[in-house]
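The values are calculated or read from the model by the stated rules, or taken from the named source; none is laboratory data. As the structure is a computational prediction, the values presented were derived from the model and not from experiment. Every residue, glycine as well, gets a Cβ built from its backbone with ideal geometry; the counts of neighbours run over all protein chains shown.
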Amino acid sequence: MDLTFTAFPSTCCRQDDIVSETARDPREPGDSPEVVGPDHTVLSDEEVLTKGPQYNAPPPKKRVKWYRCRVTREQLASLNRRSDFLGFVQTLGYLAVLAAGAGAAVYSSLYWPWYVTILLVFINGHFWHFLVNGFHELVHDSVFRTRWLNRFFLRVYSFLGWHNHHHFWASHTEHHKYTLHHPDDQEVVLPAKFDMRNMWKWSIVNYRYPYDLVKGRLAAVAGKIPDDKWSQELFPESDPERRRAYTNWERVMFTGHMLIAGVSLVYGLWVVLLVITFPKMIGAWLQFLCNATQHVGLQDEIPDFRLCCRTFYINPVLQFLYWHMNYHTEHHMYAAVPCYKLGRLHRLIKHEMPYCTSGLWETWKQIIQIMDRQAVEPEYQFIAELPASASSPAPAPANHSTPAPPPAPRKSA
């Protein structure tokens, strides 16, 4: 059977209507989680699931009884409906940005002054960091209606970004089913600590990036699985097939990039290494400021995505580059919804959502305040204030205190 990322209730399912994970082994035939609505009808896989690869079938774990905001069955069916056209707009549109940035830099290296080339290489690097967000969406199999298009572009994005979709598939399914419930989710572990004062040392130009990247990939090409505990759990020695898939992709990716680099150097196009092979040594700060917002400072071990995920508003250009992941609460709550429909989902459930900050400045002002308090009170976690009409499925732990209420919500852009 196909691996499921998580179970997503539809219609008016509340916390007590659904259990997100079966207690039985998902590797056994006919053993997929059965999701039942409040009217006792079984919901189809297309309504509640996103599918993954067959080789990653983790052992059964504890159940998480997730709270989800109300949407009707008809609304969810419409939201879950994928579009090849909108998928192409997002996927090819973003690739066009990469092609334009890299192409302009290469052209400049041949015909324009050197300082223009440096500027274009610098600008180009910022765009390439968002590859991981497109890669993430394609892992969910939810961008295109036609499945082979999802799988094809997943490999394109994986290759360009030096990402291993086998590893991410294995890790991310657990992250969605058990978000911030350690040790079942080790993709994100709180508290997250960022050295914001020294971020400039690596986020503008990271001179070590090419060396560290190649060193790590050479180990993977030789058949080494990362030795961190999480990777070893996901790719155990007892499952050589899963390990083989991981290693084979590393070899394809490394060989391809080295061929591109070698041909480019033979023809004197050294700039290709900076704009295609190692573009992510430059300009990490912008994507970091977007991506690191998703869970930092929030609550763990709580079955409510509104309290463990963060949604915030950004301008349409940055939202496009970020693949609409500023709606991160909505993405976790109903992960089968394509990224380009998350704004619509947000508007449907906004009345049950906590206050959403507007822009990176306000968002990071809040995050830094949380991290400063955590430096003094290590056990502190931010508890978002829910609207009076919305109820939380679980009481906050005693050692979690609530900051002052946020300002009145702003109108969504």
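Quick notes
- If the condition is being closer than 24 Å to Pro316 by Cβ, loosely packed, with under 11 Cβ neighbours inside 10 Å and at pLDDT below 50, then region 356-412 contributes Pro407, Ala408, Lys411.
- Checked against the criterion of being without any contact (Cβ under 8 Å) to a residue 24 or more places away in the chain, within 30 Å of Asn124 (Cβ to Cβ), surrounded by fewer than 22 Cβ atoms within 10 Å (Cβ to Cβ) and out of contact with any Leu (no Cβ under 7 Å at 6 or more places or on another chain), region 304-318 contains one or more residues that satisfy it.
Residue-by-condition table, conditions (1) in the same structural domain as Trp162 (by TED's automatic domain parsing); (2) modelled with pLDDT of 95 or more; (3) of a type in the set (A, V, I, L, M, F, W, C):
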| site | (1), (2), (3) |
| --- | --- |
| Ala220 | yes, yes, yes |
| Glu233 | yes, no, no |
| Asp239 | yes, no, no |
| Met253 | yes, yes, yes |
| His257 | yes, yes, no |
| Leu269 | yes, yes, yes |
| Leu273 | yes, yes, yes |
| Thr293 | no, yes, no |
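- Residues being assigned to a helix (DSSP H, G or I) and touching a residue at least 60 places away in the same chain (Cβ under 8 Å) - total across region 367-387: 5
- Here Trp169 meets the list (1) closer than 23 Å to Ile260 by Cβ; (2) within 13 Å of the chain's Cα centre (by Cα) almost entirely, failing just condition (1).
- Yes/no for Val143 being part of a loop (DSSP other than H, G, I, E, B) and over 21 Å from Leu289 (Cβ atoms): yes
- Within region 170-209, if we keep just the residues that are more than 13 Å from Cys308 (Cβ to Cβ) and touching a Leu at 6+ places or on another chain (Cβ under 7 Å), the residue that is surrounded by the fewest Cβ atoms within 10 Å (Cβ to Cβ) turns out to be Ser171.
- Of all the numbered requirements in (1) in the same structural domain as Pro226 (by TED's automatic domain parsing); (2) touching a residue at least 24 places away in the same chain (Cβ under 8 Å), Phe194 misses one, and that requirement is (1).
- So Arg82, is it more than 20 Å from Ser203 (Cα to Cα), more than 19 Å from the chain's Cα centre (by Cα) and not in a helix (DSSP H, G or I): no
- Test: residue in region 288-304 that is farther than 20 Å from Phe159 by Cα, among the β-branched types (Val, Ile, Thr) and under 18 Å from the mean Cα position of the chain (by Cα): yes
- His328 being closer than 25 Å to Ile368 by Cβ, in contact (Cβ under 8 Å) with a residue 60 or more places away in the chain and out of contact with any Pro (no Cβ under 9 Å at 6 or more places or on another chain): no
- Of all residues in region 308-344, those satisfying the criterion of being in contact with an Asp or Glu (Cβ under 6 Å, 6 or more places away or on another chain) and either of a type in the set (Phe, Trp, Tyr) or closer than 25 Å to Glu385 by Cα (or both) are Trp323, Leu342.
- Subset of region 352-366 [over 21 Å from Ala192 (Cβ atoms) and part of a helix (DSSP H, G or I)]: Glu352
- Candidates in region 189-204 are the residues that are within 24 Å of His126 (Cβ to Cβ) and of a type in the set (A, V, I, L, M); of these, the one that is nearest to the chain's Cα centre (by Cα) is Ala192.
For every residue, the table says whether it meets (1) more than 30 Å from Val271 (Cα to Cα); (2) in contact (Cβ under 8 Å) with a residue 40 or more places away in the chain.
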{"site": "Val71", "(1), (2)": "yes, yes"}
{"site": "Thr91", "(1), (2)": "no, yes"}
{"site": "Pro113", "(1), (2)": "no, no"}
{"site": "Ile118", "(1), (2)": "no, no"}
{"site": "Phe122", "(1), (2)": "no, yes"}
{"site": "His129", "(1), (2)": "no, yes"}
{"site": "Thr146", "(1), (2)": "yes, yes"}
{"site": "Ala170", "(1), (2)": "yes, yes"}
